[in-house]
Amino acid sequence: MKRNRHLRLSLFTVPELSIGRAPLTPQNSQFDPRRLTYLEGMVDYLNGLLENLRKSHSQSEALFHLEKFLAQLPCSELVKIDTSGEPRVTEIPSARDRIVFTKDRLRINFLDGLHRRTESPGIPAGRYSPEVSHIISKLSQGVSEKALSRLLEQCDVDLSPVIEGLRNLELIEEIDPSAQIVCQSLLEGKKDRLTWLGHACILFQTSRSSVCVDPFLRPHIKWTERDLKSSFSDTFGDRFFFEPYGPQLTQLSPAQLPPLDAVFVTHQDIDHCNLGVLMMLPEHIPIVVPDCHPDHMWEVDLLAVIHNVLGRRRKVIRLKHGETITIGDIRATAFPFLAEMPSSLKTFWNCYLFETDDAAVACTADSAITDESVDLLTKRLRGKRKPLVLCARLVHSGKKSAGFRDETENLFNFTRLWAWYMPIWDLFQPVEESGISESRLRDLSQRTNLRFYLPYAMGTAPWFRIVDVGDPLHVPMANLSAHDLHALSETLKAIPRGPSLFPGKFGRPFPLTEA
């Protein structure tokens, strides 16, 4: 009798979403016909401009002036000039995929950290993406061949060849179902404890409950010689966050998370709301997301996109600013997320304060911590001696910058949604800097029992420093340096009753309460 083998998505594999060949980002997570109108109009305009230039210039001079003018246009990278064809200006093949959501073009790709392929294998899932996501979720947890066959029979599309193909590529592996892949330290413990899992991902656990925030876990990676030179150095801050530090360091797949009672998402960027990672999690886990209004086109409706891509089996909960949800013995309150957006485009994105009777953790991701943020935290925690951990970007002077910039040297970043909707007069309006000013940190330290400061949401893990832009595992992300970490430590030491640097290591729970 044929044995009933058990299968699991390889720990070296994590799914990633795309529209056609364009990665799924906030910019193409929704459909706005005005972006297509812009693209089509730009092509028509440039071809008309070329015709006018030809009347008074030679062919080569006309093309020179056209290329010079094109460089001034927003989203000019969406078109190309063909010096020999007609029409001379056309859309690049991926232009529409990069700026609008088209469900029929939806692909589920598979990052491969073991074989390091130059291109990720993928499934053109289209409208069947919820069914594919359902199968991937089951495979991520481990499933018997018999159970998998039953699941495949229930699908409206034949996915058997797809699963067979993934097995042939070693992206699905045979496993011993009795083998434990979750670290024992993440499964046990009676104290309130906090675990940093890279970038802005944290795990907050009590004896009864576990919640995860902004999971952006990468596949396990087999390091190359080039990686060893680019990803590991004593100049990087994460050498203090990993034990051991080096190519043998701990790696964590989404499948290795402990049982969760909820996942919280702060905002729409894919390093905070990553649908590939969410796809791997059990479908019964509630996903808490910010509120959304239809007139805020610069914000992605995360409930809608999760249901569109992962299916309506997923329980998605919108949490508005000031609202509290209770998960077991953890109370989670949403408060405003500011600064990663021009000042005229207000958002409903969330920071979160997690509280138990014994400890509190504030997760602010890329947000600025304003006077209002400090007042809210103080109001909730004043007079209570329970320790507070602040998870935030770096401490700064408090000086506002002249206009929001994703990149200092560029006015616009058209991989982000805000550039489509920002009025021109807001280009140089002053905005708050991400993180917290030293004066506000001193205030918060005086008014609460702020014990630890976790500098996060800045990459700060070796897998975010793969330098080959052609590698599907490459993530263009800044990392905290050892110098920045030392400067932060000195700042904290100078604050009376100030917090210490969070001493926890990657993947290791740190107790927040005394013995």
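Read the figures in this text as sums done on the coordinates, not as results from a lab. Quick caveat, the model's predicted, so the values are computed rather than measured. Backbone-built Cβ (ideal geometry, glycine too); neighbour counts: all protein chains shown.
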Local electrostatic count, LEU394, Cβ distance below 12 Å [Lys/Arg +1, Asp/Glu -1]: -3
Karplus-derived 3J(HN,Hα), 6.51/-1.76/1.60, for each residue of the stretch 423-430, Hz, glycine and proline x: x, 4, 5, 8, 4, 10, 5, x
Potential extension, ARG226-GLU323 segment - 0.36 nm per residue separation minus Cα distance: 30.2 nm
In nm, spacing of pseudo-spin labels at LEU152 and SER233 (7 Å Cα→C-beta vector): 4.7 nm
Cα gyration tensor category, rounded, prolate or oblate, for the stretch 156-255 with a/c compared to 1.5: oblate
Efficiency of FRET between ARG21 and ASP371 - r from beta-carbon atoms, R0 60 angstrom, step 0.05: 0.85
Net +/- balance of residues flanking ILE172 in space, Cβ distance below 14 Å, scoring K and R +1, D and E -1: -2
Computed log₁₀ I(q)/I(0) - Debye formula, equal Cα scatterers, no solvent, the stretch 34-87, q 0.12, 0.15, 0.30 Å⁻¹: -0.26, -0.40, -1.35
Space enclosed by the convex hull of the alpha-carbon atoms of the chain, per residue, Å³: 170 Å³
Most positive-pole-ward Cα, LEU228, THR266, PRO254, against dipole of the stretch 217-276 from beta carbon charges: LEU228
Centroid-to-centroid separation of the stretch 332-372 and the stretch 264-297 [C-alpha atoms, Å]: 15 Å
Interchain or long-range residues, amide H under 5 Å from LEU106's placed H: GLY20, GLY126
Cα centre as origin, Lys/Arg/Asp/Glu Cβ charges: the stretch 41-143 dipole, Debye: 340 debye
Rg in Å to one decimal, and Dmax rounded to a whole Å, for the stretch 377-438 via C-alpha atoms: 16.4, 47
Proximal charge balance of PHE404 [Cβ under 13 Å; K/R count +1, D/E count -1]: -3
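Please give the charge dipole size of the chain, origin at the Cα centre, charges +1 on K and R Cβ atoms and -1 on D and E Cβ atoms. Round to the nearest 20 debye.
That gives a dipole near 1260 debye.
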The stretch 184-508 - share of DSSP beta bridges that are antiparallel (%, nearest 5): 50 percent
Subset of LYS320/LYS505; LYS190/LYS315; LYS138/LYS190; LYS320/LYS346; LYS190/LYS386 violating a 22 Å alpha-carbon distance limit: LYS320/LYS505; LYS190/LYS315; LYS138/LYS190
Furthest towards positive pole of dipole, ALA147, VAL475, PRO509, structure part the chain, Cβ charges: PRO509
Within the chain, helix-based [θ] at 222 nm, where runs of 4 or more DSSP H residues each add -39,500 (n - 2.57), nearest 500: -7500 deg cm²/dmol
Cα gyration tensor, the stretch 204-360 - rounded (a/c under 1.5), prolate or oblate: prolate
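Suppose a student asked you for the relative contact order of the stretch 184-508, using Cα pairs under 8 Å spaced at least 6 residues apart; what percent would you report? Mind dumping the intermediate values first?
Numbers: 675 pairs, mean separation 64.9, N = 325.
Relative contact order of the stretch 184-508: 20 percent.
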Additional length obtainable on full extension of the chain from ASP484 to THR102, 0.36 nm per residue less Cα span: 133.4 nm
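Please report ILE325, ILE136, ILE181 as a ranked list, fewest other C-beta atoms within 10 angstrom at the top and most at the bottom.
Least crowded to most crowded, the residues run ILE181, ILE325, ILE136.
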Size of the stretch 381-515 as Cα extents on the principal axes (Å, biggest first): 50, 39, 25
Alpha-carbon centroids, the stretch 76-110 and the stretch 416-447: separation in whole Å: 34 Å
